[in-house]
Amino acid sequence: ADGSYPLGRILSLKGSLAYSTQRIGRIQTQTPDTSTVSFFDTNVYTGSIGPQFRLTPTDSIAFTYQQSLITQTQSTGSSGSIDTSTLTLSTEYARVMQDWTFTVVGGATYIEPAGVTYPTGIVTLSTTPERETTVQLDFSKLIRPSYFIVGGVILSDIGRVQISHRLSERLSLQGSAYYAMNETVSSQSQGNKFNNLTLSTGLSYNLTRTM
């Protein structure tokens, strides 16, 4: 849930609340690669608040305080709960033009109980090279939950390209490429690194003009 309350002509107060949950199913067939890997059921509670200033009709800047609580249990039920808290302070600058949008976010995230702080940020560029096509480029360095190997959080460097082409008024073709370099950060272990590459494509159809 997101909300914004105007405090003046150029100033507003923005806030958000979010909850997510992920459950891992049981592995029916164990192999040497999966028998020693731990998976974690994860709940994430996140809240944020901060002021946003409208500098010009196309430019804005926002300052945000965000806190997340991550609770995890091993999917096999063989261990206790793992609780991780993150605190993030960030500044966001955005420019919205007729055919392109640019956003940059920079800040730092403190992780408890690991007791370490990492710089984090996001850079996003979205453009419409032609009327029916939208291209979005993202690069981010973020703290995210770790769902397997080690509980807690991971530091992820993520690059993504996403293209959407409208085939008709309600039908669109979408494709994306996603690459991430991850490193675990928790009170149990540090320094486990792994990479992942995801390619996807699909069709989306709007049942009405708004959904």
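The values are calculated or read from the model by the stated rules, or taken from the named source; none is laboratory data. What you see is a predicted model; the values in this text were computed from it and never measured. Cβ placement follows ideal geometry from the backbone for every residue including glycine, while neighbour counts extend to all protein chains displayed. Just the protein is used for accessible areas: all its heavy atoms, side chains included, with ligands, DNA and RNA removed. Shrake-Rupley method; radii C 1.70, N 1.55, O 1.52, S 1.80 Å.
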### Query
Counting only residues that are of a type in the set (S, T, N, Q) and open to solvent by 60 Å² or more (accessible area, probe 1.4 Å), which one in the range 8-27 is modelled with the lowest pLDDT?
22
### Task
Kindly indicate which of 63, 102 is in contact with a Lys or Arg (Cβ under 6 Å, 6 or more places away or on another chain), open to solvent by 50 Å² or more (accessible area, probe 1.4 Å) and either acidic (Asp, Glu) or part of a strand (DSSP E or B) (or both).
102
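Okay, residues lined up against (1) over 19 Å from residue 85 (Cβ atoms); (2) at pLDDT 95 or above:
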residue: 131; (1), (2): yes, no
residue: 137; (1), (2): yes, yes
residue: 144; (1), (2): no, no
residue: 150; (1), (2): no, no
residue: 153; (1), (2): no, no
residue: 156; (1), (2): no, no
residue: 159; (1), (2): yes, yes
residue: 167; (1), (2): yes, no
residue: 170; (1), (2): yes, no
### Query
Going by the structure shown, is residue 88 part of a strand (DSSP E or B), within 17 Å of the chain's Cα centre (by Cα) and in contact (Cβ under 8 Å) with a residue 12 or more places away in the chain?
yes
### Query
Only one of (1) within 13 Å of residue 145 (Cβ to Cβ); (2) open to solvent by less than 80 Å² (accessible area, probe 1.4 Å); (3) modelled with pLDDT of 95 or more fails for residue 45. Which number is that?
(2)
### Task
State whether the residues of the range 118-134 include one that is touching a residue at least 24 places away in the same chain (Cβ under 8 Å), in contact with a Lys or Arg (Cβ under 8 Å, 6 or more places away or on another chain), over 25 Å from residue 185 (Cβ atoms) and among the acidic types (Asp, Glu).
yes
